[in-house]
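One structure is given here, and the rest of the page talks about it.
Since every read-out is calculated from the coordinates, none of them should be taken as a lab result. Just so we're clear, the structure is a prediction, and the values are computed from it rather than from any experiment. Positions of Cβ are generated from backbone atoms using ideal geometry, with glycine treated the same way; all protein chains shown enter the neighbour counts.
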Amino acid sequence: MSKYIPNNQKTCPVCTAQLRPRFNYYDYHYYRCPECGLVATLPLPDAESIEAHYRSKFEAGNYQLLRDNAERYKKIYRDGARLIGSYLQRQGRTFAGLKVLDIGTFTGEFLEVMQEMDADVYGLELQSEAVEIANQKLPGRVLKADVHDTIYPQIDFDLITLSGLIEHVVDPELMLGRVFELLKPGGLIMLQTPNSASLLARLMRQYWPPYSPVEHIYIYGRGALERSLTQHGFRGIEYHPHVKWLAVEYIYEQFQNFGPEFYRLLRPFYRMLPGFVRRMTIPAYGGEMIMLAEKPL
């Protein structure tokens with residue numbers, strides 16, 4: 001998350017259009033840009049609220065759940081790596097020797113996948129406990145730092161990845177500009193994030209699970225993200241809907257954090273499921289997307 005917190009202005013950070021009220025959820029107001037479709041959560045949470053939120057979720061929330069399922073979740077990261085690999089292959093490149101920066105790397109599983117493919121990996125993370133865990137797997141490779149800090153000044157990166165990150169950031173446009181600076185010409189960016197323009201998001205409105213105050217602040221639609229990337233100078237943009245293979249029990253437990261209404265609704269049915277069904281891995285699409293783009297030579 002950026003430490004550069006902007007004012008709570010009702011203007012779109014992508015195209016500067018005036019945001020329009022969409023709905024209220026808990027104590028937050030959601031606004032949508034009529035030009036590019038970006039959805040904003042206002043008022044913006046302050047730094048203290050953000051820090052308290054992530055501390056509690058690491059100890060007993062979605063981040064604890066992710067840690068408990070770290071090895072299982074590697075399949076998701078390998079699927080993302082295959083998409084990146086296909087993009088690189090069309091350019092005649094491979095992962096070998098590629099300098100990779102993962103921003104918001106959490107406990108380092110995605111970087112482990114990249115390292116298995118002979119990439120030269122680096123990570124940034126703001127949660128101290130997560131940095132400690134990541135460095136047990138990847139000694140000295142993960143810094144507790146913000147992307148706006150002076151990081152790895154001697155390195156121009158071939159690939160920068162942001163998985164489930166941009167929606168958490170209070171100034172995502174500033175962050176994308178910084179990412180463009182850190183990439184070498186011909187370098188690649190990969191973003192994974194909820195898609196506020198997806199059919200699920202449009203149908204479910206405030207009950208779409210990614211609308212989660214404090215956790216998610218700005219949620220881009222496909223058009224908004226493509227427009228933003230283009231404005232920052234990226235080219236060769238590719239869009240992919242993101243289907244994840246997840247265990248039934250993982251999906252159900254995530255509803256405690258994203259979509260608590262569904263968690264309560266499904267509880268009696270879930271309790272009737274036998275253990276082998278709960279452990280089954282199924283394809284799940286929650287209205288998320290992966291976007292790939294490159295910095296021109």
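List every residue whose amide H lies under 5 Å from the amide H of V170, counting only residues 5 or more places away in sequence or on a different chain, with H placed 1.01 Å from N in the peptide plane.
Residues meeting the criterion, in which the H sits 1.01 Å from N, are S2.
Where does the charge balance sit around K244 when Lys and Arg score +1, Asp and Glu -1, over other residues with C-beta under 10 Å from its C-beta?
-1
Amide H to amide H under 5 Å from Y25: which residues, 5+ apart in sequence or cross-chain, H placed 1.01 Å off N in plane?
Distant-sequence amide H within range of Y25: Y30.
Among residues other than E71 whose Cβ falls under 11 Å from its Cβ, what is the net charge (Lys/Arg +1, Asp/Glu -1)?
Spelling it out: positives minus negatives among the neighbours equals +1.
What ³J(HN,Hα) values, in whole Hz, does the Karplus curve 6.51 cos²θ - 1.76 cosθ + 1.60 give for region 291-297 when θ = phi - 60°, with x put for Gly and Pro?
In residue order, the calculated couplings are 10, 10, 7, 10, 8, x, 5 Hz.
For the chain: lysine pairs with Cα atoms under 19 Å, gap of 8 or more or different chains, count?
11
Please list the equivalent ellipsoid semi-axes of region 23-122, computed as the square roots of five times the alpha-carbon gyration tensor eigenvalues, in descending order and whole angstrom.
Computed over region 23-122, the values are 33, 21, 12 Å.
Considering amide H positions built from the backbone, and no H for Pro or chain starts, which residues 5 or more places from L19, or on another chain, come under 5 Å of its amide H?
T11, C12
Could you check the spin-label model distance between T230 and I282? Points 7 Å from the Cα along Cα→Cβ, value in nm.
3.8 nm
Let me have the relative contact order for the chain, percent, based on Cα pairs under 8 Å that are six or more residues apart.
20 percent
Before rounding to the nearest 500, sum -39500 (n - 2.57) across all DSSP H runs of length at least 4 in the chain and divide by the residue total; then give [θ] at 222 nm in deg cm²/dmol.
-11000 deg cm²/dmol
Suppose we keep just the DSSP beta bridges with both residues in the chain; what percent of those would be antiparallel, to 5?
Bridges in the chain are about 65 percent antiparallel.
Per residue, how big is the convex hull around the C-alpha atoms of the chain? Give it to me in cubic angstrom, could you?
In the chain, the Cα convex hull volume per residue is 128 Å³.
Which is the longest stretch in the chain that no exposed loop site breaks, taking sites as chymotrypsin sites (Phe, Trp or Tyr not before Pro) with a DSSP loop state and at most 15 other Cβ atoms within 10 Å?
27-297
Most mobile of T150, T94, T230 per a Gaussian network model of the chain (Cα springs, under 10 Å)?
T150
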